[in-house]
Every structure is written in structure tokens, then in C-alpha cells.
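Just below is one structure, and these are the notes that go with it.
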Amino acid sequence: MSAGPDILIVKNQCLDAGTLRRLVDRFFGDMVKLVVDIKRQVVAVGGELHADAEALLLEDGSEQDDLWGANYYPGPGLERVLRLTDLTVSCVSARSRRRELLRWRDLAAELYLQPRPAARDHEAAFRCLLRFTPAAFEQSRLLLG
């Protein structure tokens, strides 16, 4: 890992829970911003703006076309996940896409109802979500190993 106290560049390793919690708490408290270089398989985690993490990756040798930004909500953010999924489902007209979103929503709802869902269950739900588009699927290998 490299960079500063607000943004970490992660290469070939996973973030430990304590470091991730520190980055989540630093700016937002319930989420952390990240930018993934899908070609180099590097992620910059943290910062106030995606542009900050993006700039670090560009300085580190990334190409603009290979960068994808996201927000990650660890912990009890499942209520927000369910609400956003419901809003998304209400806007989707394609029946097959709506059906897949509702299946994913069921998976998130199961996590929400568990008193203490295991990390592997969160990871499985996240992997499932990232399979909705080819570009997002590329991120799953980088973020989840």
C-alpha cells in the first residue's frame, strides 16, 4: 500500500478491516470512495472526492480510460442498499433486468435480516451485484481478490 493517510493505493493485497474502518470514518462515516484501475488491477481507496483518488492513480501510471469510480458502504448500510434497489427497480422497464434486480434485492434483504451476516455473505452479494455489467465484473476481481 502507498499514498497518504487519506487515500491508499492498494496493489496485490486486501485492506484489513481496521484500515478500511479508518478510511470510512475519515470523511463520510458510512462509506468510502474508491477508484479502480481495471487494467493494472490497482485500487485507490479514500479521499473526499473520486478525483483525488483518480489523480493519485494517474500519477502512479494509470490511464484515464482504465479508471472506474465507486462508493463502498460497509456495515449497516443495507437499508440504503434496499431503498436504492427499490428506486432502481421502479425505473427499469426491461422485464429480464427488473427480475434480476429483484433477485439481487432478495439477497440483500436476507443479509439485512441476519443478526450478524458473515463477511463471505456480504462478499457474495457484492460479487453478484458486480456481475450486472462486464465493466463492473472486472472490478470484482480487483476489489474482492
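The values are calculated or read from the model by the stated rules, or taken from the named source; none is laboratory data. Bear in mind that the values here come from a model prediction, so they are computed numbers and not experimental data. Virtual Cβ from ideal backbone geometry, glycine too; neighbours counted across all protein chains shown.
Here are a few things to note about the model shown:
- Test: residue in the range 52-61 that is in contact with a Leu (Cβ under 6 Å, 6 or more places away or on another chain) and either outside the structural domain of Arg21 (by TED's automatic domain parsing) or among the charged types (D, E, K, R) (or both): yes
- Screening Ala44 with (1) touching a residue at least 24 places away in the same chain (Cβ under 8 Å); (2) within 25 Å of Trp104 (Cβ to Cβ) gives one miss only, at (2).
- Every residue from the range 12-40 that is under 24 Å from Ala135 (Cα atoms), surrounded by 14 or more Cβ atoms within 10 Å (Cβ to Cβ) and not aliphatic (A, V, I, L, M): Lys33, Asp37, Arg40
- Only one of Arg116, Arg131 that is part of a loop (DSSP other than H, G, I, E, B) and touching a helix residue (DSSP H, G or I) at 6+ places or on another chain (Cβ under 9 Å): Arg131
To keep it simple, each residue is scored yes or no on (1) of a type in the set (Ser, Thr, Tyr); (2) exposed (fewer than 13 other Cβ atoms within 10 Å of the Cβ); (3) farther than 22 Å from Leu23 by Cα; (4) in the same structural domain as Arg22 (by TED's automatic domain parsing).
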site	(1), (2), (3), (4)
Cys91	no, yes, yes, no
Arg99	no, yes, yes, no
Arg103	no, yes, yes, no
Leu107	no, no, yes, no
Glu123	no, no, no, no
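- Val81 being under 18 Å from Ala136 (Cβ atoms) and surrounded by fewer than 16 Cβ atoms within 10 Å (Cβ to Cβ): no
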